[in-house]
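Since the structure comes first, as structure tokens, the remarks are kept for the end.
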Amino acid sequence: GLSAFLVAGLPGAPPEVSVDAYPPAPLPAVPPKASPQAFEAASRLGSVATVVGDVLPLCPDLGNQALMANFSLGPWLHVGSEVQHLGLVEAGAEVSVRGRVARWWEQKGHRFVELDLVVVGTGERPLALVRHTAIYEPASR
């Protein structure tokens, strides 16, 4: 069966992104268990920083890192990412992933969370917007 689906395109013009809307925040010393209560309490996510090697980690991977650094998870599944690239980054540059929990819901017994993220480069320059969706608690069978 189908295990992955990709759609790519070029928008007419990139969106105006205010990095101020995504302020940096410290990572939690002890990430709380992923739950609606933890998502409600997380007004903003702790920032995940990484240095870019020869290849920039894929934005979905950066979204996974942000989720795992901010919440304690049992078995979980990355189910989708919407990415809009806004700029280029050079090898050796440091980037940070910042954001917030956009929403969470339950469907067919699975519990989902969606993160609203921005990848920020040198000089507070936005590099990508990411909507990252995961099943943080699969339905028990």
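The values are calculated or read from the model by the stated rules, or taken from the named source; none is laboratory data. These figures come from a predicted structure and were not determined experimentally. Backbone-built Cβ (ideal geometry, glycine too); neighbour counts: all protein chains shown. Side chains are part of the model used for accessible areas, which takes the heavy atoms of the whole protein and leaves out ligands, DNA and RNA. Shrake-Rupley method; radii C 1.70, N 1.55, O 1.52, S 1.80 Å.
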Could you work out the helix-only [θ] at 222 nm for the chain, with each DSSP H run of four or more residues adding -39,500 (n - 2.57) and the total divided by the number of residues, to the nearest 500 deg cm²/dmol?
-3500 deg cm²/dmol
Quick one: what Rg and Dmax do you get for the range 21-141 from the alpha carbons, in Å?
14.3, 48
How large is the convex hull of the Cα atoms of the range 18-69 per residue, expressed in Å³ as a whole number?
106 Å³
Could you state the accessible area per residue of the chain in Å², with a 1.4 Å probe and every protein chain left in place?
61 Å²
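Output the peptides 74-87, 36-49 sorted from most to least packed, where packing is the average of other Cβ atoms within 10 Å over each peptide's residues.
Values: 74-87: 14.1, 36-49: 15.7.
Descending mean neighbour count gives 36-49, 74-87.
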Total charge dipole magnitude, the range 30-96, about the Cα centre, Cβ charges on Lys, Arg, Asp, Glu only, Debye to nearest 20
300 debye
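Count charges around Gly123 for me, please; just the other residues with Cβ under 14 Å from its Cβ, Lys/Arg as +1, Asp/Glu as -1.
Numbers: positive: Arg125; negative: Asp20, Glu90, Glu94, Glu124.
Within the 14 Å Cβ shell, the charges total -3.
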Counting only protein heavy atoms with a 1.4 Å probe and every protein chain in place, the carbon and sulfur fraction of the accessible surface of the chain in whole percent equals 55 percent
Relative to the longest principal axis of the chain, what angle (0 to 90°, nearest 10) does the C-alpha long axis of helix 59-70 take?
60 degrees
